[in-house]
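Q: Before I ask anything, here is the structure I am working with.
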């Protein structure tokens with residue numbers, strides 16, 4: 001964020017406060033901050049004055065403010081695929097009985113924007129609003145595989161390649177080889193790469209021009225299914241991804257959609 005100056009630093013502080021998942025004290029924030037004590041305090045005060053943070057004087061804690069809630073709601077409505085995808089997720093979840101995820105890329109990571117739990121839920125990391133790694137999740141790899149090279153290289157440079165399981169891809173070359181296979185077959189898999197016992201298939205959500213908008217996945221547990229059972233859902237998941245892409249393009253670019261219809 002160094003190149004973004006004061007705004008970038010303020011965003012870093014917001015990210016840090018939000019990362020606690022609960023109200024945080026100044027001492028806790030200072031322990032994990034790169035800023036000097038006075039600088040961090042100044043940012044916290046400014047963000048609180050602007051309504052971006054809330055300060056509880058009784059507990060002496062900071063938490064995301066209501067202004068952030070309003071902005072988040074606007075972003076969810078105007079930029080997230082979630083409102084468009086909702087009926088498609090509901091139908092796919094009901095049909096498969098398994099966990100369904102909707103995700104988008106955010107600064108090289110996966111942002112889960114919506115989720116439907118399985119009929120028999122299995123505990124897993126992902127939840128709507130959470131951020132996860134792109135290089136070892138089905139939705140992450142499904143999106144990365146269809147990025148244009150410049151954006152792909154930037155996204156790869158943002159991966160940590162931390163080994164979560166024995167099956168995690170831990171190098172750029174291994175990831176690129178997998179992405180090539182994904183482009184060839186049209187869908188991605190997560191073979192216990194992020195969490196032991198968790199497998200999934202994922203398809204990218206693309207515009208007609210091939211631009212990546214997001215990805216959708218069906219996730220299961222090795223305790224009750226194998227990949228043959230899961231991959232049987234690929235045609236259905238691909239169709240849902242295409243439907244969401246079509247709806248999203250019509251919603252985001254209504255005039256161009258209207259012009260195409262008139263031309264035909």
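Q: What tally of residues in the stretch 10-24 results from selecting those that are surrounded by 14 or more Cβ atoms within 10 Å (Cβ to Cβ) and within 14 Å of residue 54 (Cβ to Cβ)?
A: Of all residues in the stretch 10-24, those surrounded by 14 or more Cβ atoms within 10 Å (Cβ to Cβ) come to 10-14, 16-18, 20, 23-24.
Within this subset, residues satisfying the condition of being within 14 Å of residue 54 (Cβ to Cβ) are 13-14, 17-18, 20, 23-24.
Matching residues across the stretch 10-24 total 7.
Q: Exactly one of (1) touching a helix residue (DSSP H, G or I) at 6+ places or on another chain (Cβ under 6 Å); (2) at pLDDT below 90 is unmet by residue 4. Its number?
A: Result: residue 4 passes all but (1).
Q: Can we say residue 155 is in the same structural domain as residue 85 (by TED's automatic domain parsing), at pLDDT 95 or above, surrounded by fewer than 22 Cβ atoms within 10 Å (Cβ to Cβ) and within 17 Å of the chain's Cα centre (by Cα)? So that I can check it myself, show each step before the final result.
A: Numbers: in the same structural domain as residue 85 (by TED's automatic domain parsing): yes; at pLDDT 95 or above: yes; surrounded by fewer than 22 Cβ atoms within 10 Å (Cβ to Cβ): yes; within 17 Å of the chain's Cα centre (by Cα): yes.
Yes; evaluated as a whole, the condition is true for this residue.
Q: Could you tell me whether any residue of the stretch 82-99 is touching a residue at least 24 places away in the same chain (Cβ under 8 Å), within 30 Å of residue 232 (Cβ to Cβ) and assigned to a strand (DSSP E or B)?
A: yes
Q: Which numbered condition trips up residue 62, out of (1) modelled with pLDDT of 95 or more; (2) on the phi > 0 side of the Ramachandran plot?
A: It is condition (2) that residue 62 fails.
Q: Another one. Somewhere in the stretch 182-196, is a residue assigned by TED's automatic domain parsing to the domain that holds residue 142, in a loop (DSSP other than H, G, I, E, B), closer than 18 Å to residue 96 by Cβ and in contact with a strand residue (DSSP E or B) (Cβ under 8 Å, 6 or more places away or on another chain)? Lay out the reasoning, then the answer.
A: Within the stretch 182-196, the first condition is being assigned by TED's automatic domain parsing to the domain that holds residue 142, and the residues that meet it are 182-196.
Among the residues that remain, those that are also in a loop (DSSP other than H, G, I, E, B) are: 186-187, 192-196.
Then drop every residue that is not closer than 18 Å to residue 96 by Cβ, which leaves 187.
Filter once more, keeping what is in contact with a strand residue (DSSP E or B) (Cβ under 8 Å, 6 or more places away or on another chain): 187.
Yes, the stretch 182-196 contains at least one residue that is assigned by TED's automatic domain parsing to the domain that holds residue 142, in a loop (DSSP other than H, G, I, E, B), closer than 18 Å to residue 96 by Cβ and in contact with a strand residue (DSSP E or B) (Cβ under 8 Å, 6 or more places away or on another chain).
Q: Would you check which residues across the stretch 22-69 are closer than 18 Å to residue 6 by Cα and in a strand (DSSP E or B) and list them?
A: The answer is 53, and nothing else.
Q: Residues being closer than 23 Å to residue 171 by Cα and touching a helix residue (DSSP H, G or I) at 6+ places or on another chain (Cβ under 9 Å): count how many of those fall in the stretch 187-211.
A: Initially, the stretch 187-211 is screened for residues closer than 23 Å to residue 171 by Cα, giving 187-204.
Next, from what is left, pick out any that are touching a helix residue (DSSP H, G or I) at 6+ places or on another chain (Cβ under 9 Å): 187-191, 193-194, 199-204.
Selection size over the stretch 187-211: 13.
The values are calculated or read from the model by the stated rules, or taken from the named source; none is laboratory data. Bear in mind that the values here come from a model prediction, so they are computed numbers and not experimental data. Here the Cβ is made from the backbone with ideal geometry for all residues, glycine too, and neighbour counts use every protein chain on show.
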